1. Tell me yes or no: at least one residue of the stretch 101-117 is within 18 Å of E141 (Cα to Cα) and out of contact with any helix residue (DSSP H, G or I) (no Cβ under 8 Å at 6 or more places or on another chain).
2. Determine, yes or no, whether V43 is in contact with a strand residue (DSSP E or B) (Cβ under 7 Å, 6 or more places away or on another chain) and modelled with pLDDT under 95.
3. Filter the stretch 1-12 down to residues that are farther than 17 Å from K80 by Cβ and of a type in the set (A, V, I, L, M, F, W, C) and give me whichever is surrounded by the fewest Cβ atoms within 10 Å (Cβ to Cβ).
4. Would you call S133 farther than 30 Å from K45 by Cβ, without any contact (Cβ under 8 Å) to a residue 24 or more places away in the chain and more than 13 Å from the chain's Cα centre (by Cα)?
5. In the stretch 136-155, how many residues are part of a strand (DSSP E or B), closer than 18 Å to N77 by Cα and more than 13 Å from the chain's Cα centre (by Cα)?
6. How many residues does the stretch 13-34 contain that are in contact with a helix residue (DSSP H, G or I) (Cβ under 8 Å, 6 or more places away or on another chain) and either among the aliphatic types (A, V, I, L, M) or exposed (fewer than 13 other Cβ atoms within 10 Å of the Cβ) (or both)?
7. Could we say that I40 is surrounded by 12 or more Cβ atoms within 10 Å (Cβ to Cβ), touching a Phe, Trp or Tyr at 6+ places or on another chain (Cβ under 6 Å) and not aromatic (F, W, Y) here?
8. Looking at E141, is it touching a residue at least 60 places away in the same chain (Cβ under 8 Å) and surrounded by fewer than 19 Cβ atoms within 10 Å (Cβ to Cβ)?
Amino acid sequence: MKLEDFKSKVKVLRKEEGNGLREKYIEQFINRSGPFWERIEDVHKFKDGYCYEGYLWDCMKKPILIKESYVELKADNIDKVYVFWDINTCERIFIKDYWKFDKDAVLKLKFSDLLEGQEHLPEDIYIFDDSFSWTLILTHEDIDGERYCLKSGDI
């Protein structure tokens, strides 16, 4: 899917609404203690703004390892989702034109559109819906050649 087509299917939430959803997500799914959390809680000033240095998925409450195919199967049963990514700096990500949306954006779109246009999103994404009862996480890591994906909650 071309970037323009993907953007036409995405609602970028207002900063206040997006920040509220991100905070609620963290409250629901993230363990706010331990060594990994310190890398997220302590933001640092970089040339492209304030960013953290870790990954939220390192701090998940009750993560379950899943296959990427599991995520794809769920798209048939779920309509609208939210998605966001870690707030990282361009000083540590060396992929040209990495962010097609603001680094702290939260998007709302059809799950099927997200999967079809995921090439336009950062590699680590956090997917959830209005219920906040589940999350699916796609990371940039792999295990034995398969993408490292996680879930939490009942999905």
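1. The answer is no, given that none of the residues of the stretch 101-117 is within 18 Å of E141 (Cα to Cα) and out of contact with any helix residue (DSSP H, G or I) (no Cβ under 8 Å at 6 or more places or on another chain).
2. Values: in contact with a strand residue (DSSP E or B) (Cβ under 7 Å, 6 or more places away or on another chain): yes; modelled with pLDDT under 95: yes.
Considered against the rule, which asks whether it is in contact with a strand residue (DSSP E or B) (Cβ under 7 Å, 6 or more places away or on another chain) and modelled with pLDDT under 95, V43 comes out as yes.
3. The initial filter retains those residues of the stretch 1-12 that are farther than 17 Å from K80 by Cβ, namely 1-5.
Filter once more, keeping what is of a type in the set (A, V, I, L, M, F, W, C): 1, 3.
On the way: M1: 14, L3: 12.
The selected residue is L3.
4. Details: farther than 30 Å from K45 by Cβ: yes; without any contact (Cβ under 8 Å) to a residue 24 or more places away in the chain: yes; more than 13 Å from the chain's Cα centre (by Cα): yes.
Against the criterion (farther than 30 Å from K45 by Cβ, without any contact (Cβ under 8 Å) to a residue 24 or more places away in the chain and more than 13 Å from the chain's Cα centre (by Cα)), S133 qualifies.
5. Residues in the stretch 136-155 being part of a strand (DSSP E or B), closer than 18 Å to N77 by Cα and more than 13 Å from the chain's Cα centre (by Cα): 2 in total.
6. 5
7. Numbers: surrounded by 12 or more Cβ atoms within 10 Å (Cβ to Cβ): yes; touching a Phe, Trp or Tyr at 6+ places or on another chain (Cβ under 6 Å): yes; not aromatic (F, W, Y): yes.
Answer is yes for this residue.
8. Values: touching a residue at least 60 places away in the same chain (Cβ under 8 Å): no; surrounded by fewer than 19 Cβ atoms within 10 Å (Cβ to Cβ): yes.
Against the criterion (touching a residue at least 60 places away in the same chain (Cβ under 8 Å) and surrounded by fewer than 19 Cβ atoms within 10 Å (Cβ to Cβ)), E141 does not qualify.
The values are calculated or read from the model by the stated rules, or taken from the named source; none is laboratory data. Just so it is clear, the model here is predicted, and its values are computed rather than measured. As a convention, Cβ positions derive from the backbone with ideal geometry for all residues, glycine included, and neighbour counts pool all protein chains shown.
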